[in-house]
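Accompanying notes for the structure given below.
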Amino acid sequence: MIKYLHIGIDDTDSPDGMCTTYLASQIINKFGDNGIELVEFPRLIRLNPFARHKTRGNGGVALKILNDSKSSLAREIVLNEVKKLSMFDCDNTNPGVVFYQGDITHEMEEYAFRAIYEFITIDEAEKFAKSFGCEIHKFKKGRGIIGAIASISLPLTDYTYELLVYRAPENFATPRQIDYESVYEMDKATFPDTFENIDYSQNYIAIEPKTPCPVLYGIRSNTCEVLKKAKSIVKVSEPVDDFCIFKTNQHTDMHIQYVSKISDMKQFGCYCFSGEVKSKPKIIDGGHMFFGIGDESGEIECGAYEPTKNFRKTVSHLRPGDIIKVYGGIGVQNTFNIEKFQVIELNDIEYKNPVCECGKRMTSAGKNKGFKCKNCGSKIESDEKFPVKISRNLKNGWFYETPVSARRHLSKPLCRMDLD
Ligand code: ATP
């Protein structure tokens, strides 16, 4: 008898409500009522951030149980809950459920990474599921099977946890009653074991969703132990219906593919590459900031968009000739949206006009006409400028990242990176 039953679920929610993690927590409760136990933490797996049909963060959920005499009851519970709770009225909600008995194969792992890096069609996912004996259940178009297969298959070499606290159904879609002071307290007591709690640059409480979903708040962490402490500190003045801790690939940079040249990148992929800043960052209408970056294979426009707020100020300090390593993805406009960058080498040399004997900096006397001094009238014929070392607001070797409020679910924050 095959030891484990893997269950994958995706695409059950809509912008008007629900959340696949909430559905999973309801299933886990029903499992508990029937003596069915999970053998691992439930998983929340974030997939390609550019997927066209995502509701919000492109997340799928997976559960793993023993494949014993209760596994057919478990399947029944899962399908019933999906039928009961999915937002079927929304055109864009196309739930998919998969059941798989057995070990995760290398091909399944490869598929999961493809679901993070590329786009997969429903047909492709269905054919793949059949090729390894995975049972699929499609509701409406059943697009959810794409993410459901990936959610059971992704190897979690690096991982984090998320505690999701759920609201009582009668309070769904009403303003959340969270004591913000207690969130600051919780962050102070548990950071960096927990992270992404608050965006201090804007006093933005990141643990609180801004959508009508059943989540009251979510706390992200490196260990599950710290979540108990964090939960005990956060105060709310509305009933808590339930909570659940998920093991996730959030904040692991799993979406990033490391490439050695710009020409190796494709639209809708996320990458890390090094290049030379080719143009001075400029802000355009709408408050987005752009600059060019290049290597021997080509050039690409990099963008720090308006929601990245103060990060644009940091980006504005870059200048042509700087060598940087950037992390991010190529979006709809074909520009590279920066998530973070590391300064490899700053160009701290500026070529300046010569200084006159009288002590004033000279000005150009016209093209190929040398320089003149506006103070004493002296002239020199040479057009040669002189290198001057300038001070910079950025530091060699340092990383700079977007603020919490503008960070992708998959982006690894600097507090999780091994930086010496
Ligand atoms: P939430 O985060 O609130 O749970 P969501 O943003 O995860 O919502 P879904 O409702 O799950 O959005 O919709 C995402 C859809 O995209 C799912 O049907 C999923 O199967 C599909 N999908 C996931 N990854 C890919 C991919 N790489 N290519 C094509 N489709 C994908």
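Would you pick out the residues in segment 353-362 that are surrounded by 13 or more Cβ atoms within 10 Å (Cβ to Cβ) and either touching a helix residue (DSSP H, G or I) at 6+ places or on another chain (Cβ under 9 Å) or of a type outside the set (Val, Ile, Thr) (or both)?
Asn353, Pro354, Cys356, Lys360, Arg361, Met362
Select, from Asn393, Asn375, the only residue that is assigned to a loop (DSSP other than H, G, I, E, B) and under 30 Å from Gln202 (Cβ atoms).
Just a single option satisfies the conditions, and that option is Asn393.
Considering segment 396-420 alone, what residues qualify as being hydrophobic (A, V, I, L, M, F, W, C) and not in a helix (DSSP H, G or I)?
Trp398, Phe399, Leu410, Met417, Leu419 - these are the residues of segment 396-420 that are hydrophobic (A, V, I, L, M, F, W, C) and not in a helix (DSSP H, G or I).
Can you name the residue in segment 29-48 that is surrounded by fewer than 20 Cβ atoms within 10 Å (Cβ to Cβ) and within 30 Å of Asp253 (Cβ to Cβ) and is also farthest from the ligand (Cβ to nearest atom) among such residues?
Val39
Mind counting the residues in segment 2-28 that are at positive phi and either more than 7 Å from the ligand (Cβ to nearest atom) or of a type in the set (Val, Ile, Thr) (or both)?
2
Limited to segment 182-210, what total is found for residues that are without any contact (Cβ under 8 Å) to a residue 24 or more places away in the chain and of a type in the set (Asp, Glu)?
So the answer is 1.
Restricting to segment 115-133, give me the number of residues that are of a type in the set (D, E, K, R) and near the ligand (Cβ under 7 Å from one of its atoms).
The number of residues fulfilling the criteria is 1.
Does Ala74 meet the test of being in contact (Cβ under 8 Å) with a residue 40 or more places away in the chain, touching a Ser or Thr at 6+ places or on another chain (Cβ under 9 Å) and under 17 Å from Ile9 (Cβ atoms)?
For Ala74, the condition - in contact (Cβ under 8 Å) with a residue 40 or more places away in the chain, touching a Ser or Thr at 6+ places or on another chain (Cβ under 9 Å) and under 17 Å from Ile9 (Cβ atoms) - is not met.
Values quoted throughout were computed directly from the atomic coordinates according to the rules given, and no laboratory measurement underlies them. Quick caveat, the model's predicted, so the values are computed rather than measured. No Cβ is skipped: glycine too gets one built from the backbone with ideal geometry, and neighbour counts run over all protein chains shown.
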